[in-house]
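The values are calculated or read from the model by the stated rules, or taken from the named source; none is laboratory data. Model, not experiment: these values are computed from the prediction. Cβ: placed from backbone, ideal geometry, glycine included. Neighbour counts: every protein chain shown. Side chains are part of the model used for accessible areas, which takes the heavy atoms of the whole protein and leaves out ligands, DNA and RNA. Shrake-Rupley method; radii C 1.70, N 1.55, O 1.52, S 1.80 Å.
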Amino acid sequence: MWWGGLQRLSSRHSLVVGRLWPSVFVRGPVLLQVESRRPYTPQAERKRFYQNVSISQGEGGFEINLDHRKLKTPQAKLFTVPSKTLALAVATEWDSQRDTIKFYTMHLTTLCNTALDNPSQRSKDQLIKAAVKFLETDTVCYRVEEPPALVELQKNEWDPIIEWAEKRYNVVIGSSTSIMGPSIPQSTKDTFVSHLASYNSWALQGIEYMITQLKSLVLSMSLLDKHLTVEQAVLLSRLEEEYQIQHWGNIEWAHDYEMYELRARTAAAALFVQLCLENSTVKHKLLQD
């Protein structure tokens with residue numbers, strides 16, 4: 001009953017969370033860049049300065065060409081991605097920009113820049129550790145004690161996800177109403193560490209970004225395993241908010257924007273992870289004639 005009611009609301013509300021390393025580009029001979037350890041806010045929009053977008057294969061992977069210029073990262077590195085399909089997806093982001101470049105819509109480009117520049121200088125082990133640490137504060141593990149209707153909603157919608165994850169990974173997760181959260185066994189953490197270690201560093205950047213959007217490792221793994229859709233994962237991550245909105249109303253325009261933005265970020269993270277796991281080759285691909 002509650003799930004049906006929340007589904008009807010799901011196209012209207014969301015959260016905007018998370019921030020990643022932004023995109024940068026070449027304008028003639030001038031390269032715009034920023035210092036790697038300083039928080040950076042990308043330009044909201046900029047006039048489009050290129051006509052054609054293409055991809056080509058170089059020694060380090062696949063590159064993005066804006067007319068005859070090579071795309072660069074904020075640290076002035078050549079923008080090179082490991083798979084043809086990821087390059088095509090990034091090129092499509094640039095190609096879809098019209099009169100102005102809206103950087104805040106280019107989530108795949110931003111994720112690639114983060115992977116390439118690694119501004120926080122973290123190793124693969126550190127990325128895994130950060131991802132697994134989210135279990136200690138996982139959204140679906142924290143439960144309220146009242147009101148009864150919300151208690152029932154969390155039980156009905158979150159318990160099946162936890163049960164699926166416990167069975168899928170052969171672990172114990174549980175839930176708690178304590179402010180300290182559930183006590184996650186070390187064996188559970190070790191299992192997730194081992195599982196995440198099977199991903200490459202690029203994919204791990206996308207996984208961590210997804211986790212920060214959903215505030216949940218459990219929901220993120222469910223999405224990556226295709227047990228949940230993006231829409232379902234986002235809605236489950238906002239269960240309490242949707243409950244409150246259902247009872248107290250919403251700010252229509254704000255919740256519309258927030259819902260679509262969170263969906264876009266989560267979908268981009270899921271796509272990024274998938275494309276980072278693919279290997280393919282291409283000589284040259286033009287997106288425009």
>> Please count how many residues of the stretch 58-84 are outside any loop (DSSP other than H, G, I, E, B), open to solvent by 50 Å² or more (accessible area, probe 1.4 Å) and touching a residue at least 40 places away in the same chain (Cβ under 8 Å).
In response: 4
> If you check every pair at least six apart or on different chains, which have Cβ atoms under 8 Å apart with a residue in the stretch 139-167 that is within 20 Å of SER187 (Cα to Cα) first and a residue that is open to solvent by 30 Å² or more (accessible area, probe 1.4 Å) and among the aliphatic types (A, V, I, L, M) second?
Replying inline: GLU166/VAL172
>> Out of VAL132, VAL193, I need the residue that is under 25 Å from the mean Cα position of the chain (by Cα), open to solvent by less than 20 Å² (accessible area, probe 1.4 Å) and modelled with pLDDT of 95 or more. Which one?
In response: VAL132
>> Of everything in the stretch 196-249, what is open to solvent by 10 Å² or more (accessible area, probe 1.4 Å), over 24 Å from GLU278 (Cβ atoms) and among the basic types (Lys, Arg)? Give them in sequence order.
In response: LYS215
> Which of the residues belonging to the stretch 168-191 are in contact (Cβ under 8 Å) with a residue 12 or more places away in the chain, part of a loop (DSSP other than H, G, I, E, B) and over 18 Å from LEU239 (Cα atoms)?
Replying inline: ASN170, VAL171, VAL172, ILE173, PRO182, ILE184, PRO185
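Conditions (1) modelled with pLDDT under 95; (2) open to solvent by 50 Å² or more (accessible area, probe 1.4 Å), marked per residue:
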site	(1), (2)
GLU146	yes, yes
ASN156	no, yes
ILE162	no, no
VAL171	no, no
